[in-house]
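Written out below as structure tokens is the structure these notes cover.
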Amino acid sequence: KQEVTQIPAALSVPEGENLVLNCSFTDSAIYNLQWFRQDPGKGLTSLLLIQSSQREQTSGRLNASLDKSSGRSTLYIAASQPGDSATYLCAVWDTDKLIFGTGTRLQVFP
Amino acid sequence: SAVISQKPSRDICQRGTSLTIQCQVDSQVTMMFWYRQQPGQSLTLIATANQGSEATYESGFVIDKFPISRPNLTFSTLTVSNMSPEDSSIYLCSVSGGRAQYFGPGTRLTVL
């Protein structure tokens with residue numbers, strides 16, 4: 001059974017820092033991996049999608065990497081801003097459904 | 001990408017009643033998914049709904065409690081039946097597109 005874990009569970013940093021959020025999964029036979037952002041009480045916004053054949057994807061200040069063999073993905077946020085404060089979720093597409101991680105709650109203070 | 005809307009955005013309901021949540025997509029999709037997010041938790045898949053067939057429920061979820069309709073390729077409803085406080089959650093509708101998954105804004109349900 002696929003399990004997805006995210007570390008750390010919470011993170012509080014000053015504005016301007018570069019951040020790394022970690023995601024690990026137990027079964028490397030994934031179809032793809034997707035990172036989402038969730039603002040309090042809101043739905044999910046897709047940030048980056050990495051297909052199983054890819055190693056990384058970039059969008060603006062965000063860079064996500066994927067190492068299937070070790071069952072890991074990282075989300076790198078450069079030059080963090082208060083507007084980046086949210087919960088970040090990684091999810092793996094496993095056979096026929098998306099399995100979510102436990103999330104990292106990020107707070108960036110001015 | 002797909003644009004997904006949900007109604008209602010939030011509701012407060014009494015124990016024992018039922019609530020139907022609507023999900024509308026701006027394009028035709030084969031599969032629609034319903035998720036639940038309990039307070040402080042991550043998302044859990046309730047069921048997958050294909051147009052013209054019965055929904056497929058995940059372990060721990062049953063049709064009597066969460067009946068789903070899928071009348072066409074752009075619309076689905078999820079009903080939360082005979083509600084209890086434990087059903088207080090955010091319910092999210094989702095669709096697949098181009099190998100990515102897209103989510104609606106969610107329905108925040110509070111059961112008193």
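What follows is calculated from the coordinates using simple rules that are stated; it is not laboratory data. Nothing here was measured: the structure is a model prediction, and the numbers come from that model. Note that each Cβ is placed from the backbone with ideal geometry, even for glycine, and that neighbours are counted across all protein chains shown.
Once you have the Kirkwood Rh of the range B:2-59 from its Cα pairs, apply Stokes-Einstein at 10 °C and 1.306 mPa s and quote D in µm²/s. Mind showing how you got there, number by number?
Working: Rh = 13.4 Å.
This corresponds to a translational diffusion coefficient of 118 µm²/s.
Using the C-alpha atoms of the range A:1-72, what convex hull volume per residue, in cubic angstrom, is computed?
Values: hull volume 8.6 nm³, N = 72.
Value for the range A:1-72: 120 Å³ per residue.
Using Cα centres only, tell me the gap between the range A:45-80 and the range B:67-99 in whole Å.
If we compute the Cα centre of each part, the gap is 29 Å.
Assigning unit charges at the beta carbon (Lys, Arg +1; Asp, Glu -1) and nothing else, what dipole magnitude in debye, to the nearest 20, does the protein assembly as shown show about its Cα centre?
Result for the protein assembly as shown is approximately 180 debye, rounded to the nearest 20.
Multiply the residue gap between A:ASP39 and A:VAL13 by 0.36 nm, knock off their C-alpha separation, and tell me the result in nm, one decimal place.
Stretched fully, the A:ASP39-A:VAL13 segment lengthens by 7.6 nm.
For the peptides B:15-22, B:89-96, B:28-35, what is the packing order when you average, over each peptide's residues, the other Cβ atoms within 10 Å and list the highest mean first?
The packing order, highest mean first, is B:89-96, B:28-35, B:15-22.
FRET efficiency for B:SER1 and B:THR30, Cβ-Cβ distance as r, R0 = 25 Å, nearest 0.05?
0.95
Counting other beta carbons within 10 Å of each Cβ, put B:TYR57, A:TYR31 in order, fewest first.
Sorted ascending by nearby Cβ count, the order is A:TYR31, B:TYR57.
If I model the range A:17-110 as equal point scatterers sitting on the Cα atoms and use the Debye formula, what is log10 I(q)/I(0) at q = 0.17, 0.19, 0.20 Å⁻¹?
Values, matching the q order: -0.69, -0.85, -0.93.
Go through B:GLN101, A:GLN107, B:GLN24 and say which Cα lies farthest out towards the positive end of the charge dipole of the protein assembly as shown; charges sit on Cβ, +1 for Lys and Arg, -1 for Asp and Glu.
In the protein assembly as shown, that residue is B:GLN24.
Once amide H atoms are built 1.01 Å from N in the peptide plane, which residues 5 or more positions from A:ASP27, or in another chain, come under 5 Å H to H?
A:GLU3
Which of the lysines could a cross-linker bridge to B:LYS65, judged by Cα under 29 Å and excluding same-chain residues fewer than eight apart?
A:LYS1, A:LYS42, A:LYS97, B:LYS7
For the protein assembly as shown, what is the convex hull (Cα atoms) projected area averaged across all directions, in square nanometres?
Numbers: hull surface 48.2 nm².
Projected area, direction-averaged: 12.0 nm².
With the contact rule set at Cα under 8 Å and sequence spacing of 6 or more, what percent relative contact order holds for chain B?
Averaging sequence separation for qualifying contacts and normalising by length gives 37 percent for chain B.
Counting Lys +1, Arg +1, Asp -1, Glu -1, what net charge surrounds A:GLN34 among other residues with beta carbon under 13 Å of its beta carbon? The partial results should precede the final answer.
On the way: positive: A:ARG37, A:LYS97, B:ARG99; negative: A:ASP94.
Taking every Cβ under 13 Å from that of A:GLN34, the sum is +2.
Sorting check: for A:90-101, B:72-83, which peptide has the highest mean count of neighbouring beta carbons within 10 Å, and how do the rest follow?
Most protected by this proxy first, the peptides run A:90-101, B:72-83.
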